[in-house]
Structures are given as structure tokens and as C-alpha cells.
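Colleague: Just passing along the structure, written as C-alpha cells.
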Number of protein chains: 2
Amino acid sequence: MNRSLSVRSKKESSGSGEKSLPKHRFTMASLRGMQQPDLSKKLYRLIKSENHAIGAYETAGRERLAIAQQLSEWGEATEDDAMSEVSDKLGVLMAEIAEQEDLYASKLEEYRGVLKQIRNTESSVQPSRDHKQKVSDEIAKLKYKEPQSTKIVQLEQELVRAEAQSLVAEAQLTNITRQKFKEAYDIHFEATIERAEKQIILAKQARRILNLLDDTPIVPGDVHQPFGGFELARDILNDAEEQLRNWQSNVEPIHSTAGGLGLGAMPGAPAEVAQEPAGYRDKTARSRSTSGERRLARAESLGSHDGGGEVQPPYTEAERREVAQAGVI
Amino acid sequence: MNRSLSVRSKKESSGSGEKSLPKHRFTMASLRGMQQPDLSKKLYRLIKSENHAIGAYETAGRERLAIAQQLSEWGEATEDDAMSEVSDKLGVLMAEIAEQEDLYASKLEEYRGVLKQIRNTESSVQPSRDHKQKVSDEIAKLKYKEPQSTKIVQLEQELVRAEAQSLVAEAQLTNITRQKFKEAYDIHFEATIERAEKQIILAKQARRILNLLDDTPIVPGDVHQPFGGFELARDILNDAEEQLRNWQSNVEPIHSTAGGLGLGAMPGAPAEVAQEPAGYRDKTARSRSTSGERRLARAESLGSHDGGGEVQPPYTEAERREVAQAGVI
């Protein structure tokens, strides 16, 4: 690990930094990227890159599964009992390693969903920033052109309201960002560890199977000793199965004090606190095992934004009242 | 792991088994696949699938690296010191996780190279099987059409030589297959464990970084406590670096008794034994970090077969003598 203490590209070298990013074909999605408000552009791109990464793990899983089967069938075709048995049992373990790749991809999809909630909040906060700026600009223009206009008073009242709205929006943004960021990367790194621990179990048992094969060379006309490892190979598969079944996640928990994040993404009432944590750990992995399903899921997310965590401007009457109570207006 | 004890597709359902294999576009390579001798067709396909799997890991590594940088830059753009620092340091660890993906891909490339040695031996053994069959067929035909032909005696001598050649070829094939199979999957599963163990180190440290972020919600107009985790974040990166540096492979060794595999893929003289093991563990990973390099490497392997482990028919005079000495002829 001989990299610097930061991966941030220096401003001067941002040109060369861009170069290292993987290139993808121009699609409707890249067009949509351009339409994203400035505030959510960076995260939008990250979420898109993550989609490519997840796709790569799905491909790897699919190929690994095919390879497991091909290995077993090649072993059978060698007409060598030992090769046949060892390759078949390795195939079983490799298929399970492939399944772990696929499970990892679906956990990453879940993490990606949480990042989308931050991105949606970001894009919903942009109009409130824009509105405040617009009113402020109008006042300045009017003061210069018609300093006596009665409209100025009206606009200044409007500005106070816009500022209040903006303060709420910015607080909502930082609250959602921090909470969902921790939630997202909790899922991400837990998934990394789960894949790793389970693949270690499987690969270690695979090495035991491999050791059942005797590779002592023979002379022409001679044959290998009959293979005596059938039972042992079965036992090893059973060991692997049992170890996987007994596997438990054993990571340092990520601490969250966002339990008080209530409706409207503000510090909430105790009643709301009780509801939050359940949702936080509700890790129902969205299936994306086939690329067909993925395309469907993407199409859905275009039609309707992905719900949770999104702050929809303009604010509702209830939210205006909340702000008023908070003493901002 | 609720799969059967075998991944071999049953003969009856081989049609549906085929369906599960990933589809790839028709290329010159698929054409070459058809030209492979029957004996090496299955392994040829497996090696091709492995190429797709390796490509997927390379893609994943590249995307993960981009994501690490995008995360850090997004964090900077939030103009929130805590988010900025935490996302940047997570980015550093994620970039290292990406590098492990890439390292894994190059180890798999090495394993794939060893499988190619078996495939090359397979395809070089086919002509000797074919030749034996051809001579045998000619004798049968001649005995039916011209039973008195003196050519029969000549062909029967030829058949004895062909059978001897074939016996050698089959012994070479089984010797190479078993030895290289163990070598290949030793590399494969060791690489799986190495990637997993190193990514666990990195993901666990990443979780510590994540815990530095306070996600207590704030009310509008309020600000978060100043971020106090700068030093701790640096310490965590140093811990990760030290743990990676101290990492050592700690797997059950794969036992090989193929040390006696000498020249000509036959049980060899002690002098040859001394040479073999060095080659066995010579795991110089071939770089295939960019797809350009990979294409180059593939082009090379088209022009000239990949050397090691290949048995080139027709056999040399020296090999004929070896067979004669072994008492086969």
C-alpha cells in the first residue's frame, strides 16, 4: 500500500486524473447525467460507476459458475477416476464461490440504493438554493433600477422566507448525507468482509480436495493407483457446508446517533426514534441476478424517484409550520 | 450451500445445462475453438471462460478505483470537513481494495497460463491417437481387400511403433495433467485466499474510519461539532498499511510428488528432479492490468503456442530411443 494519504486528485493534475476513469459508451444515461443539478452531479456519477462495478461482479459470478461446470465436465472426459472426482468436487466448491460473488453484487446493489437516497436529497435541495439566489438577485436589480419600488419590501419578505427554507433544506441535506453515508458504507464493507470470509472457507476446503490427487508420474503402459479419496472428498464438502452454515458476521458495529432523525430529516420526537433503527438495518437485498431484472429496476427508478430520504420541494404546509416553530421565521 | 454433491450436468438435462452458460459474441476465437482437436475442446472452452472472468475482475478493479476517487471528490464538494476527511480516507482504503481485485486478476491469469500447458499437451496427443487409429484401419482394409499383400507386415510393424508412441503420449498426458492441475488450482485458491484476507484487513479499517463520522442530526441554522478525527484517521491508514505489510500467506501447502517428472514428461532422473520444483513455484505474475496488454498477450499466444508442458509430435529420435529403452518396443 504505497499510495499517498489521499486519493483526491490535485487541482493542477485534474486533467490527468480524468484520464484514469474508465470510459463508457455514450448513452441516454450520460445525457441524464448532464441534466442533474450541480449539487448531485458528483454522486450521480459515482452511483453510475458503482453500477458498472456491480455488473462486473455479476459477470464474474456467472463466468465462475460456468467454469465450475466446465471443469467438472472436462475432468469426466479425461477418463481418469481421480481427475474426474477431484475436478467435480472442486467444481462444487467453485460454484459456491461464484454464488458468493453474486451475493456480494446484490449487497452492493443495496448499498447503491442508499447512496441514491443522498443523491435524491441533493437534487431536491438545489431548487431551494436557486430560489434564494434568484430573489436576492431580483432585489439587487430592483434597488438599482427602481429604488422606490414597493415591490422591494415584498421581495425582502420573500427572501426571509427563502432563507428559512434554505436553512431547513441544508440541515436536511447534512442530516441525510451523514446518516445515509454511514448506512451505505456499513453495508458495503460488511459485504466485502462477508464475501471474503466465506470464500476463505471454500478455498481452504478446495485446497484439501486438491491434495487428494496424487501427481506421481508414471511410465508408459503403467496406470495410477486406484483413487481412494471418494469418501474423504464427500466429507470435505460436508465440512465446507457446515462451516458456511455456522458462519456469522463478526464485525465492529457502525455506531449511529441518527436515531433521532425524524420526519422531515430533522431531529425527531422519541416516537420516531423508535421507528428509525428498524429501517436502518432492514437489509432486504434487491435481486439483480439477471441483467434483465436490472434494466427493469433502472427503468423504474427513472419513472419514480426511489422514495426514502428524498426531500421534495416545495415544502409542505406542515414543514413550513415546523420551521416556524423552530423559530427560524 | 444447498447444492448437490456434483456440478456435473446429467446427460438427460445437458440441453438445459448449456443454457446456463454465459453467451459471448461470435468471434475469430470461437472459430478457432471449433478447430481444436476433440481432446482439448473442453479445456479450451474453460480457458476461454476464465478469460472472461478475469476481464470482469479487471473491470471491477478499474471501476472501484474510479469510485474511490469519485467518493473523495464528492466528499470534498459537500464542504463539510468531517464528510470530506472521512470520504477521502475511505477512498484511500477503497483504492487499495481495488488494487487487490487487480492483483487477483493477474494471479488468475497466471493460473490460466498453467491450464494452457495442459491444453497444449492434450492437443499434441491427439495426432498420436489418430495415427494409431489410421494404421489400424489400413491393416483391416488391406486384410479384407488384399489378404496376401506384403504391405500388411510392414503396416503391422508400423502399428507396433504407433502403439508405443501412443502409450508414451498417454503417459505424458496423464503426468502433465495431474501435475499442472494441482499447480494451477494451488495458484487459483491461494489467490482467492490472499485477496480475501487482504480485503478483510482493509474493510475492517474502513469501518473504523466510518465510525469517526458523527451522524447526530442538527436543527436548521445549527452546525455540526468541528471534526476532531484527523489524526485518528491517519493512524488508521497507517495501521492498515502495517497490517498489509505484515500479511503472510498461511495456507495448507499443496503436496506434489511430481518432482520426479523429468524431460519428456516421464518419471525423471534425480538431476531433473532438482530443477522442477523451482519452476513449479515460480509465480511471476504476468501483467494484464490493461486490456491493451491483454490483447497483445493473446495475439502472441496465437502465433506461437505457450511453450511449457507441450508435447510436440512427431517425436524426436531421442524420444523414440527413450521408449525403446523403456522396453515398450
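The values are calculated or read from the model by the stated rules, or taken from the named source; none is laboratory data. All values derive from a computational prediction rather than experimental measurement. Ideal geometry is used to build each Cβ from the backbone, glycine not excepted, and the neighbour counts take in all protein chains shown. Protein only, heavy atoms only, side chains kept; ligands, DNA and RNA dropped before computing areas. Shrake-Rupley method; radii C 1.70, N 1.55, O 1.52, S 1.80 Å.
Colleague: Kindly establish whether A:Ala184 is closer than 29 Å to B:Leu5 by Cβ and either touching a strand residue (DSSP E or B) at 6+ places or on another chain (Cβ under 6 Å) or modelled with pLDDT of 95 or more (or both). Outline the logic, then answer.
Modeller: Numbers: closer than 29 Å to B:Leu5 by Cβ: no; either touching a strand residue (DSSP E or B) at 6+ places or on another chain (Cβ under 6 Å) or modelled with pLDDT of 95 or more (or both): yes.
Considered against the rule, which asks whether it is closer than 29 Å to B:Leu5 by Cβ and either touching a strand residue (DSSP E or B) at 6+ places or on another chain (Cβ under 6 Å) or modelled with pLDDT of 95 or more (or both), A:Ala184 comes out as no.
Colleague: Inside the stretch A:202-218, can you point out the residues that are within 7 Å of chain B (Cβ to nearest Cβ), in contact (Cβ under 8 Å) with a residue 60 or more places away in the chain and open to solvent by 10 Å² or more (accessible area, probe 1.4 Å)?
Modeller: Passing the criteria: only A:Asp214.
Colleague: Name the residues in the stretch A:243-263 that are in a helix (DSSP H, G or I), within 30 Å of A:Ala171 (Cα to Cα) and in contact (Cβ under 8 Å) with a residue 12 or more places away in the chain, would you? Before the answer, list the steps.
Modeller: Going residue by residue through the stretch A:243-263, those that are in a helix (DSSP H, G or I) are A:243-246, A:258-260, A:263.
Applying the additional criterion that residues be within 30 Å of A:Ala171 (Cα to Cα) yields A:258-260, A:263.
Matches in the stretch A:243-263: A:Ala258, A:Gly259, A:Gly260.
Colleague: While we're on this one: Tell me whether the stretch B:98-109 contains one or more residues that are polar (S, T, N, Q), over 30 Å from A:Met83 (Cα atoms), surrounded by 21 or more Cβ atoms within 10 Å (Cβ to Cβ) and touching a residue at least 24 places away in the same chain (Cβ under 8 Å).
Modeller: Here is the first cut: in the stretch B:98-109, the residues polar (S, T, N, Q) are B:100, B:106.
Now narrow it down to the ones that are over 30 Å from A:Met83 (Cα atoms): B:100.
Among the residues that remain, those that are also surrounded by 21 or more Cβ atoms within 10 Å (Cβ to Cβ) are: B:100.
Next cut, touching a residue at least 24 places away in the same chain (Cβ under 8 Å) only: B:100.
Scanning the stretch B:98-109 turns up at least one residue that is polar (S, T, N, Q), over 30 Å from A:Met83 (Cα atoms), surrounded by 21 or more Cβ atoms within 10 Å (Cβ to Cβ) and touching a residue at least 24 places away in the same chain (Cβ under 8 Å).
Colleague: Go through the residues of the stretch B:53-74 one by one and say whether even a single one is out of contact with any strand residue (DSSP E or B) (no Cβ under 7 Å at 6 or more places or on another chain), more than 9 Å from chain A (Cβ to nearest Cβ) and either under 30 Å from A:Gln179 (Cβ atoms) or open to solvent by less than 20 Å² (accessible area, probe 1.4 Å) (or both).
Modeller: First pass over the stretch B:53-74, keeping only residues out of contact with any strand residue (DSSP E or B) (no Cβ under 7 Å at 6 or more places or on another chain): B:53-74.
So of that shortlist, the ones also more than 9 Å from chain A (Cβ to nearest Cβ) come out as none.
Among the residues of the stretch B:53-74, not one is out of contact with any strand residue (DSSP E or B) (no Cβ under 7 Å at 6 or more places or on another chain), more than 9 Å from chain A (Cβ to nearest Cβ) and either under 30 Å from A:Gln179 (Cβ atoms) or open to solvent by less than 20 Å² (accessible area, probe 1.4 Å) (or both), which makes the answer no.
Colleague: Within the stretch A:156-167, restricting attention to residues that are within 14 Å of chain B (Cβ to nearest Cβ) and touching a Ser or Thr at 6+ places or on another chain (Cβ under 8 Å), which residue is most open to solvent (accessible area, probe 1.4 Å)? Break it down stepwise before answering.
Modeller: Residues of the stretch A:156-167 within 14 Å of chain B (Cβ to nearest Cβ): A:160-167.
Now drop any that are not touching a Ser or Thr at 6+ places or on another chain (Cβ under 8 Å), which leaves A:162, A:165-166.
Numbers: A:Ala162: 4, A:Gln165: 35, A:Ser166: 4 Å².
Only one residue fits best here, namely A:Gln165.
Colleague: Okay, next question. I need the full set of residues from the stretch B:131-155 which are loosely packed, with under 15 Cβ neighbours inside 10 Å and under 30 Å from A:Asp80 (Cα atoms), in order please.
Modeller: Correct list: B:Gln133, B:Lys134, B:Asp137, B:Ala140.
Colleague: Out of curiosity, is A:Gly279 modelled with pLDDT under 90, assigned to a helix (DSSP H, G or I), farther than 30 Å from A:Ala98 by Cβ and not aliphatic (A, V, I, L, M)? Working first, answer last.
Modeller: Values: modelled with pLDDT under 90: yes; assigned to a helix (DSSP H, G or I): yes; farther than 30 Å from A:Ala98 by Cβ: yes; not aliphatic (A, V, I, L, M): yes.
In short, yes.
Colleague: Check off (1) open to solvent by 70 Å² or more (accessible area, probe 1.4 Å); (2) part of a helix (DSSP H, G or I) for A:Lys182 and give me the number that stays unchecked.
Modeller: All conditions pass for A:Lys182, except number (1).
Colleague: Can I ask one more? Take the residues in the stretch B:75-105 that are part of a loop (DSSP other than H, G, I, E, B) and facing another protein chain (nearest Cβ under 7 Å), then tell me which one is farthest from A:Ala105 (Cα to Cα).
Modeller: B:Asp80
Colleague: Something else about it: Only one of (1) facing chain A (nearest Cβ under 10 Å); (2) under 30 Å from A:Ile193 (Cβ atoms) fails for B:Ile236. Which number is that?
Modeller: Among (1) facing chain A (nearest Cβ under 10 Å); (2) under 30 Å from A:Ile193 (Cβ atoms), the lone unmet condition for B:Ile236 is (1).
Colleague: Inspect the stretch A:187-209 for any residue being closer than 27 Å to A:Gln126 by Cβ and at pLDDT 95 or above and give the result as yes or no.
Modeller: Of all residues in the stretch A:187-209, those closer than 27 Å to A:Gln126 by Cβ come to A:187-188.
If we keep only those that are at pLDDT 95 or above too, we end up with A:187-188.
Scanning the stretch A:187-209, I find at least one residue that is closer than 27 Å to A:Gln126 by Cβ and at pLDDT 95 or above, so the answer is yes.
Colleague: Yes or no: A:Ser40 at pLDDT below 95 and either surrounded by 17 or more Cβ atoms within 10 Å (Cβ to Cβ) or in contact with a Lys or Arg (Cβ under 9 Å, 6 or more places away or on another chain) (or both)? Let's see the steps before the verdict.
Modeller: Values: at pLDDT below 95: yes; either surrounded by 17 or more Cβ atoms within 10 Å (Cβ to Cβ) or in contact with a Lys or Arg (Cβ under 9 Å, 6 or more places away or on another chain) (or both): yes.
The answer is yes for A:Ser40.
Colleague: Here's a follow-up. On the given criteria, is A:Ile193 at the interface with chain B (Cβ under 8 Å from one of its Cβ atoms), out of contact with any strand residue (DSSP E or B) (no Cβ under 7 Å at 6 or more places or on another chain), surrounded by fewer than 23 Cβ atoms within 10 Å (Cβ to Cβ) and part of a helix (DSSP H, G or I)?
Modeller: Details: at the interface with chain B (Cβ under 8 Å from one of its Cβ atoms): yes; out of contact with any strand residue (DSSP E or B) (no Cβ under 7 Å at 6 or more places or on another chain): yes; surrounded by fewer than 23 Cβ atoms within 10 Å (Cβ to Cβ): yes; part of a helix (DSSP H, G or I): yes.
In short, yes.
Colleague: Can I ask one more? Output the residue which, of all residues in the stretch B:219-232 that are under 47 Å from the mean Cα position of the chain (by Cα) and touching a residue at least 40 places away in the same chain (Cβ under 8 Å), is farthest from the other protein chains (Cβ to nearest Cβ).
Modeller: So, considering only residues that are under 47 Å from the mean Cα position of the chain (by Cα) and touching a residue at least 40 places away in the same chain (Cβ under 8 Å), the one farthest from the other protein chains (Cβ to nearest Cβ) is B:Gly229.
Colleague: Within the stretch A:219-242, which residues are in a helix (DSSP H, G or I) and either touching a strand residue (DSSP E or B) at 6+ places or on another chain (Cβ under 7 Å) or surrounded by 17 or more Cβ atoms within 10 Å (Cβ to Cβ) (or both)?
Modeller: We begin by selecting, within the stretch A:219-242, every residue in a helix (DSSP H, G or I); these are A:230-242.
Correct list: A:Ala233, A:Ile236, A:Leu237, A:Ala240, A:Glu241.
Colleague: Does B:Glu194 satisfy being touching a Ser or Thr at 6+ places or on another chain (Cβ under 8 Å), on the phi < 0 side of the Ramachandran plot and of a type outside the set (Gly, Ala, Ser)?
Modeller: Working: touching a Ser or Thr at 6+ places or on another chain (Cβ under 8 Å): yes; on the phi < 0 side of the Ramachandran plot: yes; of a type outside the set (Gly, Ala, Ser): yes.
Taking the combined requirement at face value, the residue satisfies it.
Colleague: Say we look at the stretch B:250-262 and pick out the residues that are more than 13 Å from A:Ile218 (Cα to Cα) and more than 7 Å from chain A (Cβ to nearest Cβ); which of these is modelled with the lowest pLDDT?
Modeller: Initially, the stretch B:250-262 is screened for residues more than 13 Å from A:Ile218 (Cα to Cα), giving B:250-256.
Of the ones still in play, those that are also more than 7 Å from chain A (Cβ to nearest Cβ) are B:250, B:253.
Numbers: B:Asn250: 90, B:Pro253: 95.
Applying the filter and picking the extreme gives B:Asn250.
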